[in-house]
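Colleague: Just passing along the structure, written as structure tokens.
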Amino acid sequence: MTSENATNATDPTNATDATDATGAAAPEDTASLGLIPAPRRVSRARHGSGPYPLDGRTLLNAAPGAEGVARWLRTTVGAATGLPLADGGADGDADSGIVLSFDDALAPEAYRVAVDGRAVRIRGGSAAGLFWGAQTLRQLLGPDAFRRAPLAPGRAWEVPAVVVEDEPRFGWRGMMLDVARHFQSKEDVLRYLDLLAAHKLNVFHFHLTDDQGWRIEIKRYPRLTEVGAWRPRTKYGHRASEQWDETPHGGYYTQDDIREIVAYAAERHISVVPEIDVPGHSQAAISAYPELGNTDVIDTTALAVWDTWGINPNVLAPTDDTLRFFEGVLEEVLELFPAATSPFIHIGGDECRKDQWQQSRTAKQRIVDLDLKDEDELQSWFIRHFDTWLTARGRRLIGWDEILEGGLPAGAAVSSWRGYAGGVAAAEAGHDVVMCPEQQVYLDHRQHGGPEEPMPIGYVRTLEDVYRFEPVPPGISEAAARHILGTQANVWTEVMQNRDRVDYQVFPRLAALAEVAWSALPAPAERDFAGFEARMAAHYARLDALGVAYRPPGGPLPWQQRPGVVGRPIEGAPPVV
């Protein structure tokens with residue numbers, strides 16, 4: 001997914017003193033700028049070239065097709081600086097101002113930012129490449145460029161005279177946000193899209209349904225949100241905790257909310273991958289429509305939206321009526337998430353306990369009728385049905401690595417979360433894979449082993465641990481490695497009741513994941529973590545300007561701690577396989 005960036009011979013900025021992505025040749029170039037993720041090449045402009053001053057006379061020239069990036073610059077950088085960045089026309093070859101243009105020699109997401117005393121020139125292989133270049137320009141302006149209004153009207157703004165040439169390592173650079181366990185408002189989701197974009201992440205995996213809540217309006221099945229979106233109380237801490245939050249919890253996104261979120265993401269060149277979890281993690285749906293459950297095993301009318309955590313035994317019944325129901329759900333999902341921006345549809349497929357199927361006469365008869373071997377193959381039949389259904393409508397199915405059990409449909413992709421093994425097996429079999437192993441990039445896991453960590457969950461995974469994560473496991477064949485689409489961080493919100501708790505768990509580690517996904521880093525043991533930390537010193541100021549409640553390097557602040565809450569600490573990680 002990489003190619004060499006071409007330097008346009010007509011560019012008046014003649015770069016010298018190049019550095020690589022780690023800044024090894026001239027570390028002051030990258031460390032002082034604090035660029036995250038690290039670009040492939042940073043150079044000082046030709047000798048004698050000074051910085052470019054931004055002021056009220058600076059024009060913004062956008063070639064045809066670059067209007068969206070220009071609009072973004074005016075609404076963000078323009079707001080932070082107080083400068084109008086007036087329209088300079090559509091001349092991509094203008095010799096002054098900020099100039100946005102395209103270069104066919106660049107890969108689609110590649111860009112080149114060249115700054116001298118006369119102009120800031122951003123070239124991209126596509127509108128996405130231009131957008132990532134604009135994000136780099138914002139970083140070059142300093143942390144105050146990340147605010148919503150100028151701190152000192154009339155202050156001087158300068159862009160340092162550098163050349164940045166860059167492109168991503170992976171095409172899939174993402175984050176999954178679980179809004180089912182704890183609902184995040186539409187505004188919070190839009191804010192996270194901005195945070196993803198600021199880190200050059202381009203996939204938002206939207207976990208919309210689970211046992212603890214159904215978060216998307218489906219008009220033909222209104223009880224999914226009337227009933228399934230609300231629970232009377234919530235477990236506080238790990239499921240072993242005896243504490244409860246007795247406040248009713250819930251919420252959902254209207255279809256217009258979803259349309260707004262998808263459009264907002266598209267403007268930032270982010271694909272949204274909706275997840276509708278089947279056949280497990282479905283108690284919220286069953287509580288709304290009891291006929292979806294295994295009615296010959298339990299009284300499904302007695303089920304409510306689940307108020308605790310763990311793996312739930314109440315799974316969907318493997319019936320034709322269940323298939324038709326979720327086809328109806330997905331018909332509306334496909335309309336809300338257009339193929340151009342959401343080619344993948346995630347169907348979950350994880351942690352589907354087979355206990356009820358093993359007791360169900362209906363499930364046993366289904367296995368006989370379909371000539372299946374066991375309940376694993378019954379789940380595979382369920383997944384294959386929706387793979388065929390989605391493929392016929394021009395979409396691709398992706399699911400957690402449990403969908404490998406019982407056989408994987410030919411066109412399906414895999415989110416490999418239980419270590420590398422599932423992803424390796426899928427990739428070696430010719431399936432596309434997103435590497436997101438729990439042991440490495442589950443950001444709900446704690447960042448330190450100290451007792452002051454709020455609601456300690458899972459493995460200790462420090463900022464350095466995430467920085468040394470490698471999405472392509474050693475020993476994988478070259479052919480299989482080409483099937484690794486990229487990587488994402490997963491953010492499960494069982495113990496994240498609000499936006500600040502999400503911020504604390506996600507940052508600063510998402511910045512490290514962004515660099516792993518974007519930059520051409522060396523092998524994990526050879527990565528310059530000290531250099532990354534030096535650049536993070538500048539990046540923390542950007543996060544401060546954005547209002548991100550991140551975990552400080554020295555540990556949680558007093559108001560970030562949650563003393564006395566039972567967690568699930570796992571002191572040593574098992575081998576990553």
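Colleague: Taking neighbour Cβ counts within 10 Å as the exposure measure, how do GLU375, GLU470 sort from fewest upward?
Modeller: Working: GLU375 23, GLU470 17.
Fewest-to-most Cβ neighbours within 10 Å comes out as GLU470, GLU375.
Colleague: Under a Cβ-only charge scheme (Lys and Arg +1, Asp and Glu -1), can you give me the dipole magnitude of the range 16-166 about the Cα centre, in debye to the nearest 20? Write out the running numbers ahead of the final one.
Modeller: Working: 15 positive and 18 negative charges, 89 e Å.
That gives a dipole near 420 debye.
Colleague: Could you tell me the ratio Rg/Rh of the range 204-264? Both radii from Cα atoms, Rh via Kirkwood.
Modeller: Values: Rg = 13.8 Å, Rh = 13.0 Å.
We get a ratio of 1.06 for the range 204-264.
Colleague: Further question: What fraction of the DSSP beta bridges in the chain is antiparallel, stated in percent and rounded to the nearest 5?
Modeller: Numbers: 25 of 72 bridges.
Expressed as a percentage, antiparallel bridges in the chain total about 35.
Colleague: What does the convex hull of the Cα atoms come to per residue for the range 16-166, in Å³? Please report the intermediate quantities before stating the final value.
Modeller: Values: hull volume 15.3 nm³, N = 151.
Looking at the range 16-166, the number lands at 101 Å³ per residue.
Colleague: Using Cα pairs closer than 8 Å and at least 6 residues apart in sequence, work out the relative contact order for the range 16-166, in percent.
Modeller: Dividing the mean separation by the residue count of the range 16-166 yields 29 percent.
Colleague: Sort TRP357, TRP559, TRP381 by Cβ crowding within 10 Å, fewest neighbours at the top. If you can, show how the numbers build up before the last one.
Modeller: Values: TRP357 25, TRP559 9, TRP381 16.
Fewest-to-most ranking of TRP357, TRP559, TRP381: TRP559, TRP381, TRP357.
Colleague: Could you give the dipole magnitude of the range 248-407 about its Cα centre, charging the beta-carbon of Lys and Arg +1 and that of Asp and Glu -1, in debye to the nearest 20? Don't skip to the end; give the middle numbers.
Modeller: On the way: 13 positive and 29 negative charges, 48 e Å.
Here the range 248-407 has a charge dipole of around 240 debye.
Colleague: For the range 139-169, which trypsin sites (Lys or Arg not before Pro) are both in a DSSP coil and crowded by at most 16 other Cβ atoms within 10 Å?
Modeller: Numbers: sites: ARG147, ARG148, ARG155, ARG169; in loops: ARG147, ARG148, ARG155, ARG169.
Of the trypsin sites (Lys or Arg not before Pro), the ones in loops of the range 139-169 whose Cβ has at most 16 other Cβ atoms within 10 Å are ARG148, ARG155.
Colleague: Also, quick follow-up: How big is the range 148-210 along each principal axis, measuring the range of its Cα positions in Å and listing the largest first?
Modeller: Here the spans come out as 50, 34, 10 Å, largest first.
Colleague: For the chain, build the charge dipole from Cβ charges (+1 Lys, Arg; -1 Asp, Glu) around the Cα centre, then report which of THR225, PRO338, THR81 sits farthest towards its positive end.
Modeller: THR81
Colleague: Hey, another quick one. Quick check for me: using +1 on Lys/Arg Cβ and -1 on Asp/Glu Cβ, what's the dipole size of the chain about its Cα centre, in debye to the nearest 20? Intermediate results must be reported in sequence, preceding the final value.
Modeller: Values: 56 positive and 80 negative charges, 218 e Å.
For this selection, approximately 1040 debye.
Colleague: Let me know the Rg and Dmax you get for the range 163-252 when you use only its Cα atoms, in Å.
Modeller: Final numbers for Rg and Dmax: 17.1, 57 Å.
Colleague: Along the charge dipole of the chain, pointing to its positive end and built from +1/-1 on Cβ of Lys, Arg, Asp and Glu, which listed residue (LEU546, THR136, SER96) has its Cα farthest out?
Modeller: The one lying farthest along the dipole's positive direction is SER96.
Colleague: In what sequence do VAL368, VAL227, VAL433 fall when counting other Cβ within 10 Å, fewest first?
Modeller: Arranged by neighbour count, lowest to highest, VAL368, VAL227, VAL433 become VAL368, VAL227, VAL433.
The numbers here are math on the coordinates, done by the rules we state, and not lab data. In this text, all values refer to a predicted model and were calculated from it rather than measured experimentally. Here Cβ is always computed from backbone atoms with ideal geometry, including for glycine, and neighbour counts include all displayed protein chains.
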